[in-house]
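Asker: The structure that follows is given in the form of structure tokens.
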Amino acid sequence: MTVTAPERTSATETPPASATRRRPSLPGTLAVLAAFPAVAIVGLLVLVVYLGFRAHGQPDGALTLHNFTSLFGDSQVWEVVVNTVVYVAVSLAVALFFGTALALLVERTDFGWERTVTTAMVLRILIPGFFTAMGWIFLFHPRIGAINQWLVEAFALEKAPVNIVSLVGMGFVEGLALSALVFSMVSASLRNLDGALEEAARASGAGAWRVLRTVTLPLIRPGLLGSALFAGTIAVSSLDIPLIMGLSNRVYVFSSYLFVAANPSAGRPEHGIPAAFSAVMILIGIAFGLWYQRTLRSGRKYQVVAGKGRQPARIRLGRWRVAAWAFVVGYFLWSTILPLLMVLWISLLPFVQKPSAAALQAVSLDNYRGLDWSFVLRGLENSVKVMVLAPTVAVLLSLAFSFVAVRARGRYRYAYDLVAFLPQAIPGTIFAFGAMTAALYWTRGWYGLYGSLALLVGVMALIQVAFGTRMFNAGLLQIHAELEESAAMSGASAWTAVRRITLPLLRPVLTYTWLWLALLSLRDLTVPTLIGSQDTLTLSVASWTLFSSGQVGASSAVTLLMVGCMAPVVVVFLLLTRTNPGKAV
Amino acid sequence: MAPLTVEGLHQAFTAADTVVKAIDEVGFELREGEIYTLLGPSGCGKTSTLRAVAGLERPDGGRIVIDGTLVAGGPVFVPPNKRDIGMVFQSYGIWPHMTVFANAAFPLRVAKVPKKEIRRRVEEALAAVHLDGYEDRMSTQLSGGQQQRLALARALVRRPKLLLLDEPLSNLDAKLRAAMRAELAALQQEIGVTTLLVTHDQDEALSMSSRIAVMRAGRIVQEGTPREIYQRPASRFAADFVGTTNFLDGVRCDGKRVRTALGELDVPGAPAATAGDAVLLAVRPEALRLHQVRPEGVPNLVRGEIERSMFVGDSVECHVRVADVVWTARQDPELPVASGDEVWLELPAERISVIA
Ligand SMILES: Nc1ncnc2c1ncn2[C@@H]1O[C@H](COP(=O)(O)OP(=O)(O)O)[C@@H](O)[C@H]1O
Ligand SMILES: [Mg+2]
């Protein structure tokens, strides 16, 4: 039997006046707003690829394949390609080894000190790459490196045993810098893994190593892959270590080659080959990105059982504890403490000397006193502006992207999700390069953006959208849709519901995303160097400028000042993420 | 004027290239002050129907009229915040960043009601659900049952025309659920708000509703009072879904008799019935009378053998093999039966449902 509603006369029905006037839906409005940055992200990439097919990368240049043939044909350029591969491979190997080993030690053994190590690792991420690079140069440069000098003296060697300013050395230092990032991502995966899976393997009689190899590592494969992709992209993208360690002896990788080709000391800038190189990078980035997303999706298939797992019983270190301590202390000593002390030491000296009683006589604050303070203050002012503006813009854009990606109904939301993911898979250098070229050729005039702070902030924000969206997607997914629908049922409009319910619930995520991006903005050297000008000089660029002109002591002083600037923000950040210091990454 | 009229409602979802008809020609009308229940198995489209009434989902077709105002139909679509409705969600949707008071006051604040009035009405609403004194607690400090009552207070504080409840008791443990069932029904009666309830729990539906619509695969298959639904199921599905039922196939001999494999049985009279129609007989376990000695002069008697008897506290459930099927008979717990006993089952004619 089917019940049909009784016949009714509709004379009494009066549609309310507002009913027929359709307001645009909230995700719809945001989709329109987010379309601008989405077009900018895609547009920059399309532009770079387009320039790869033009002579010298000039928009009005002749159509040519020459850029691509020289990429693979020209021996000088080919060397850069090979260098880049070696450099990224070494970085990834070092980063994955140290990051994963430390994460396993902290999360799966009875080593203890979990919070301390995790917090130290967060701090490690925030230390600028060029800071570590300078520290390692002062330690292991074949000529001026203190340890090299000691070793040569002690063992009467003919030449320095370690050359850190080599390709492998650069990769090693970059890898150390990235190991903290890998640590954060891998330990998050380990924490989310249901411990019962590993305990079941142990109960089946498998030893600790075997469990690690056959259960733990395969299960965190998506996390490992994600951190490798992330770290790889950053390694390709970052300019700081390749500039500081490679430029003086002409060891070029992708980012430094791109920088030098676009800003040659003599002759005309070459944009064509860098653009072709970037086009290849874009292709590789997208391919890896899609592969990663597929792995994530297939990883989710297993997750039905997992949920928020209990931690498995920890492996007893026993007599290996000493070795574990040596590993952890050694890691922090060499990756952070010694480089930091060396930079501090050099900043107190008139010229680079290894620590000795004689050198101690020369220690003074002259470098700080002698700083060109107007130069430094200009840098500080710009740094503060960038540090406030870029994350603010990035957070607003990311919110719009995430709302569309998570809450919209239409299929178009997948497009937004994908576009927001692009800056994570494609080196930021390429976006900066595209923006620089675009600003150079097409925005001359009153709307000229070339060398302006607005361009710098805009590009940084676009790149940061990847991180922001990742955070907000996760945040929004955790807010049950019925919480927002309850607001609608209480008579609140969609905007009111967002303002009164969604945003307040999202506030913790908002705060630490903002702070994290602010810190990354401050330490970034890549984007400001590529698209900055005298007007947008930031502290990081100021430090690099001093270093490249040989004023190493002053450069060290500026770097320390910058780290000092970060300190209060870092403290706020650590206080806010106190309960879970690794959460932000 | 009916508080809610739904006519010819349609809604389809596309998921992984298959189209699911979540709502298929659903129509019903609520009477002033009643609790009308959509009852059906999970996935039959109850929540979809409720969400269409709430305005959270825009239906593909059909009309929804709330208190004489067309809110959905043709080009008209009134968004949820413009409909005069209170709703309690399955997850309650209590905002964790607000106090109990702020949660309950939200609808009034949005409506820009004066402060003093808000305080008075919220206190009233909280008192009605026995949450007075909890105003300043954070909502996360409430237990499940308290959160459920807070959700109810929030839904009612605006004094809506219509109250929508989506499986309101499903997140509570069994004992609390039974207590809240009575409390919710009492509160609804006190306030007199017309209520549309959605549940897959037959006990909840039978005990709380004025009328029930049984849903299956997006359609309403039977509508009636709890008694009608339980005692006169109109289909095998309804009989099976609501309670336990013993089925028996048969063919009509005349208006009052049906021939079955167990012999001819008397059934309630149906003057319009034609002889020769295939029918299905349904008898509830508690309607069966079990005799250990063959009674004399009793019609509708069938012989069986006890396969298993299970003592369940307030009754004993006997699984009786009758010919080649096993029937369930619910009897007084004092009945001394054991497996293998020969018994006679009496099917009182007035308690047999004849399903066409
Ligand atoms: N947003 C949606 N997208 C796709 N399918 C849906 C959606 N909402 C409901 N459905 C499907 O519609 C059917 C009815 O769902 P629902 O109304 O939630 O059932 P009930 O509340 O009775 O359990 C189910 O098959 C469900 O999978
Ligand atoms: Mg449901």
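The values are calculated or read from the model by the stated rules, or taken from the named source; none is laboratory data. Not measured: the values here are computed from a predicted model. No Cβ is skipped: glycine too gets one built from the backbone with ideal geometry, and neighbour counts run over all protein chains shown. Surface accessibility is based on the protein's heavy atoms, side chains included, excluding ligands, DNA and RNA. Shrake-Rupley method; radii C 1.70, N 1.55, O 1.52, S 1.80 Å.
Asker: Can you compute the modelled spin-label distance between B:Lys115 and A:Ser298, with each label point 7 Å from Cα toward Cβ, in nm?
Answerer: 6.2
Asker: Rolling a 1.4 angstrom probe over the protein chains, ignoring ligands and nucleic acids, what is the accessible area of B:His130 in square angstrom, nearest 10?
Answerer: 110
Asker: Still on this structure: In terms of the Cα gyration tensor, with a ≥ b ≥ c the square roots of its eigenvalues, is the range B:275-343 rounded because a/c is under 1.5, prolate because a/b exceeds b/c, or oblate?
Answerer: Cα axes put the range B:275-343 in the prolate bin.
Asker: Please give the calculated 222 nm ellipticity per residue for chain A, where each DSSP H segment of at least 4 residues contributes -39500 (n - 2.57) and the sum is spread over every residue; nearest 500 deg cm²/dmol?
Answerer: Roughly -22500 deg cm²/dmol at 222 nm, from the helical runs in chain A.
Asker: How much of A:Leu348 can a 1.4 Å solvent probe reach, expressed as accessible area in Å² and rounded to 10?
Answerer: 40
Asker: Then there is this: Ignoring ligands, DNA and RNA, how much accessible area is buried between chains A and B, both sides summed, with a 1.4 Å probe, to the nearest 100 Å²?
Answerer: Between A and B, the summed buried area is about 3400 Å².
Asker: Quick check for you: with a 1.4 Å probe and neighbouring chains kept, what is the accessible area per residue of the protein assembly as shown, in Å²?
Answerer: 44
Asker: Which whole number of Å³ per residue matches the convex hull of the alpha-carbon atoms in the range A:74-271?
Answerer: It is 164 Å³ per residue.
Asker: Against the longest principal axis of chain A, how steep is helix A:503-523, in degrees 0 to 90 to the nearest 10, with axes from Cα atoms?
Answerer: Relative to chain A, helix A:503-523 is tipped by roughly 20 degrees.
Asker: Let me ask something additional. Which ³J(HN,Hα) values, rounded to whole Hz and listed in residue order, are derived for the range A:48-63 from phi using the Karplus coefficients 6.51, -1.76 and 1.60 in 6.51 cos²θ - 1.76 cosθ + 1.60 with θ = phi - 60°, glycine and proline given as x?
Answerer: Karplus-based 3J(HN,Hα) across the range A:48-63 equals 4, 4, 4, 5, x, 9, 10, 4, 6, x, 8, x, 9, x, 6, 5 Hz.
Asker: Pull out the extension gain between A:Ala266 and A:Ala326, defined as 0.36 nm times the separation in residues minus the alpha carbon to alpha carbon distance; nm, one decimal.
Answerer: 16.7 nm
Asker: Under a GNM of chain B (C-alpha, springs under 10 Å), which listed residue has the highest mean-square fluctuation: B:Val76, B:Val251, B:Val129?
Answerer: B:Val76
Asker: Taking Cα pairs under 8 Å and at least six residues apart, what relative contact order does chain B come out at, in percent?
Answerer: 16
Asker: Expected output is a single nm value to one decimal: the length gained when fully extending between A:Trp78 and A:Phe97, i.e. 0.36 nm times separation in residues minus the C-alpha distance. What is it?
Answerer: Using 0.36 nm per residue and subtracting the Cα-Cα distance, I get 4.0 nm.
Asker: Figure the gain on full extension for A:Leu123 and A:Arg210 (residue separation times 0.36 nm, minus the Cα-Cα span) and round it to one decimal in nm.
Answerer: 28.0 nm
Asker: Is any residue of the range B:268-295 close enough, with backbone N under 20 Å, to a label point placed 7 angstrom from the Cα of B:Ala261 along the Cα-Cβ axis, and if so, which?
Answerer: Answer for the range B:268-295: B:276-285, B:288.
Asker: For A:Asp372, what accessible surface area do you get with a 1.4 Å probe? Give it in Å², rounded to 10.
Answerer: Answer for A:Asp372: close to 90 Å² accessible.
Asker: With θ taken as phi - 60° and the coefficients 6.51, -1.76 and 1.60, list the Karplus ³J(HN,Hα) couplings across the range B:214-225 in order, rounded to whole Hz; mark glycine and proline as x.
Answerer: 8, 10, 8, 6, x, 10, 8, 9, 7, 10, x, 6
Asker: Using 7 Å Cα-to-Cβ label points, what is the A:Arg499/A:Leu396 separation (nm, one decimal)?
Answerer: Result: 1.6 nm between the two label points.
Asker: Go ahead and run the numbers for FRET between B:Val326 and B:Asp254, Cβ-Cβ distance against an R0 of 35 Å, rounding to 0.05.
Answerer: That gives a FRET efficiency of 0.70.
Asker: Rounded to the nearest 20 Debye, what is the dipole magnitude of the protein assembly as shown about its Cα centre when Lys and Arg each give +1 and Asp and Glu each give -1 at the C-beta?
Answerer: Magnitude of the dipole: close to 2080 debye.
Asker: What list of ³J(HN,Hα) values in whole Hz, one per residue of the range B:338-355 in order, does the Karplus curve 6.51 cos²θ - 1.76 cosθ + 1.60 (θ = phi - 60°) give from phi, with Gly and Pro shown as x?
Answerer: 9, 4, x, 4, 8, 9, 10, 9, 9, 9, x, 3, 6, 10, 9, 9, 9, 9
Asker: B:Ser143 versus B:Ala349, label points 7 Å from Cα toward the beta carbon: distance in nm?
Answerer: Inter-label distance under the simple model: 5.3 nm.
Asker: For a label point 7 Å from the Cα of B:Asp341 along Cα→C-beta, name the residues of the range B:277-321 whose backbone N is under 11 Å from it.
Answerer: B:290-293, B:306-310, B:316-319
Asker: If you line up the long axis of helix A:453-478 against the longest principal axis of chain A, both from Cα atoms, how many degrees apart are they, to the nearest 10?
Answerer: Roughly 50 degrees between the two axes.
Asker: Please state the charge dipole magnitude for the range A:74-271, taken about the Cα centre, from unit charges on C-beta atoms (+1 on K and R, -1 on D and E), reported in debye and rounded to the nearest 20.
Answerer: The calculated dipole for the range A:74-271 is roughly 120 debye.
Asker: While we're here: Taking a virtual spin label 7 Å from the Cα of B:Gln189 along the C-beta vector, which residues in the range B:101-143 bring their backbone nitrogen under 12 Å of it?
Answerer: none
Asker: Of A:Gly73, A:Ala95, A:Ser452, which is farthest along the charge dipole of chain A in the positive direction, counting Lys and Arg as +1 and Asp and Glu as -1 at C-beta?
Answerer: A:Ala95
Asker: Next question, about the same structure. Compute the helix-to-body angle for A:272-302: its Cα long axis versus the longest principal axis of chain A, expressed 0 to 90° and rounded to tens.
Answerer: Approximately 60 degrees, to the nearest ten.
Asker: Another question, if that's okay. Provide the FRET efficiency to the nearest 0.05 for the A:Ser548-A:Glu199 pair, computing r from the beta carbons and using R0 = 45 Å.
Answerer: Calculated transfer efficiency: 0.25.
Asker: Okay, moving on. Can you tell me, using C-alpha contacts under 8 Å and at least 6 residues apart, the relative contact order of the range B:244-355 as a whole percent?
Answerer: Contact order relative to length: 31 percent.
Asker: I would also like to ask the following. When only C-alpha pairs under 8 Å and at least 6 residues apart count, what is the relative contact order of chain A, in percent?
Answerer: Relative contact order here is 21 percent.
Asker: Still on this structure: Quick one: putting +1 on the C-beta of Lys and Arg, -1 on the C-beta of Asp and Glu, what dipole do you get for the range B:4-239 around its Cα centre, in Debye to the nearest 20?
Answerer: 480
Asker: Specify the inter-centroid distance of the range A:512-582 and the range A:343-416, based on alpha-carbon positions, in whole Å.
Answerer: 1
Asker: Same structure, new question: How high is the FRET efficiency between B:Thr14 and B:Asn171 when r is their beta carbon distance and R₀ equals 30 Å, given to the nearest 0.05?
Answerer: E(calc), rounded to 0.05, equals 0.50.
Asker: May I pose another question? Provide the descending list of Cα extents for the range A:451-585 along its principal axes, expressed in whole angstroms.
Answerer: Over the range A:451-585, Cα extents along the principal axes are 66, 34, 18 Å.
Asker: Still on this structure, please answer the following. Taking the Cβ of A:Glu270 as the center, what net charge do the other residues with Cβ under 15 Å away carry, scoring Lys and Arg +1 and Asp and Glu -1?
Answerer: +1
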